[in-house]
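The values are calculated or read from the model by the stated rules, or taken from the named source; none is laboratory data. Remember, predicted model here, so these are calculated numbers, not experimental data. Because the Cβ atoms are built from the backbone with ideal geometry, glycine has one as well, and the counts that use them run over all protein chains shown.
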Amino acid sequence: MFDRLTRPARTAACAVASAALLLAGCSSSDSGPEATNDQGFPDTITLAAIPAENSADMRGSYEPLIALLEKETGSTVEFVQASDYAGVIEGMIAENVDLAFFGPFAYVVAGLNGAEITPVGAVIAEEGAEPGYQSYGLARSDNAAVNGLADFAGKKVCFVDPGSTSGFLYPSAGLIESGVITSGSEADISAAMTPIFAGSHDASALSIKNGDCDAGFAFDSMVDETMIQKGDLAPGDLKTVWKSEMIAGSVFAANDALGQESIDKLKTIFSEKANAKAMAAEGFCEGDACLITDERAWGVVPVEDSAYDGVRKVCEITGSEKCKA
């Protein structure tokens, strides 16, 4: 289908693509050598992400960042809301995605599967914070039968996605340490409990609140802040029965196909200008609208690939199939 589209039509199609269309070949360079602008960037940069929460307008939370990138790179930024981690990873491998926002697990899995990518910055919740967060094991506050991970055995348990760091990988490690499962394989998990993949962190928490799951997992600020601020949870609806160790922060990664010079420029843009204070000063946003991604992060700070060695270690502990190339 894409062979018959003009470049503008092809670009428009990619802007609304699902993960499946990423694999079909949406790329600003699929018709020949990539054109670059005066600043050395492609005429079009494709930025892909998957939702951390159910949202009909995920792009809205990226608008300040998109405006910043377009000003600083001279490129048109096409935003793709993918349906799962696998689609973004495949898009990176096929060089159809230039930039992506990954959870730590997905970032590690992308590398294991051959994606040649470089981290350009990790998100932080507030100015001066360190990048990182925790996975929570959750139950309804009035559920006296669940008070720790050991109690998840035999229950209906909500996970987020098999490619989620805090919604699957770290919970699997916690369940192994608690003796509930022997490995992170989906077969072992299914033998010990009834796993339900909710698809997003807020959906997981809501399923616990509504009684569709007896227990489950979501990341800390989604439960402690975002859902309470939105009115989806009231303080005291859920109890936290387990917390993971600190997990390296979600990360923006660039496709190495962009070239080292462009990647170095992106690192500077993200670390110096992709934050609420700088974007407000540029007039890209005001107040809470300056919080970026659907994690509602304050900004981005430099990060090295080695920061994700902890995730790689948990991959070893769980033996998860998702960690394998």
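Note on the range 197-219: residues that are out of contact with any helix residue (DSSP H, G or I) (no Cβ under 7 Å at 6 or more places or on another chain) and closer than 14 Å to residue 155 by Cβ total 5. Candidates 228, 247, 269, 263: the one that is closer than 24 Å to residue 62 by Cα, hydrophobic (A, V, I, L, M, F, W, C) and without any contact (Cβ under 8 Å) to a residue 12 or more places away in the chain is 228.
Could you check how many residues of the range 146-182 are small (Gly, Ala, Ser), within 24 Å of the chain's Cα centre (by Cα) and either over 14 Å from residue 217 (Cα atoms) or not in a loop (DSSP other than H, G, I, E, B) (or both)?
We begin by selecting, within the range 146-182, every residue small (Gly, Ala, Ser); these are 148, 150, 153-154, 163-164, 166-167, 172-174, 178-179.
Narrowing the set further to residues that are within 24 Å of the chain's Cα centre (by Cα) leaves 163-164, 166-167, 172-174.
Adding the requirement that they be either over 14 Å from residue 217 (Cα atoms) or not in a loop (DSSP other than H, G, I, E, B) (or both) leaves 166-167, 172-174.
Qualifying residue count, the range 146-182: 5.
Here residue 231 fulfils each of the conditions (1) closer than 26 Å to residue 82 by Cβ; (2) not assigned by TED's automatic domain parsing to the domain that holds residue 40 apart from (1).
Any residue that is surrounded by 21 or more Cβ atoms within 10 Å (Cβ to Cβ) and acidic (Asp, Glu) - is there at least one of those in the range 287-298? Checked the range 287-298: at least one residue is surrounded by 21 or more Cβ atoms within 10 Å (Cβ to Cβ) and acidic (Asp, Glu). Look through the range 183-193, keep the residues that are under 24 Å from the mean Cα position of the chain (by Cα) and in a helix (DSSP H, G or I), and return whichever of them is farthest from residue 242 (Cα to Cα). Ranking the qualifying residues of the range 183-193, first place goes to 186. Confirm whether residue 80 is aliphatic (A, V, I, L, M), within 19 Å of the chain's Cα centre (by Cα), more than 30 Å from residue 181 (Cα to Cα) and assigned to a strand (DSSP E or B). Here the answer is yes, as residue 80 does meet what is asked. The helices (runs of 4 or more DSSP H) found wholly in the range 194-283 and carrying at least 2 residues that are more than 21 Å from the chain's Cα centre (by Cα) and surrounded by fewer than 23 Cβ atoms within 10 Å (Cβ to Cβ) occupy 201-210, 260-273, 276-281. When every residue of the range 125-137 is checked against the conditions, none turns out to be in the same structural domain as residue 279 (by TED's automatic domain parsing) and part of a helix (DSSP H, G or I).
The set of residues in the range 112-128 being surrounded by fewer than 21 Cβ atoms within 10 Å (Cβ to Cβ) and more than 16 Å from residue 278 (Cα to Cα) consists of 112, 113, 114, 116, 118.
Output the residue which, of all residues in the range 302-322 that are closer than 18 Å to residue 253 by Cβ and crowded, with 21+ Cβ neighbours inside 10 Å, is modelled with the lowest pLDDT.
Filtering the range 302-322 down to residues closer than 18 Å to residue 253 by Cβ leaves 302-312, 315, 322.
Add one more test, that the residue is crowded, with 21+ Cβ neighbours inside 10 Å, and what stays is 303, 308, 311, 315, 322.
Numbers: 303: 96, 308: 95, 311: 91, 315: 89, 322: 75.
If we take residues in the range 302-322 being closer than 18 Å to residue 253 by Cβ and crowded, with 21+ Cβ neighbours inside 10 Å, then 322 is modelled with the lowest pLDDT.
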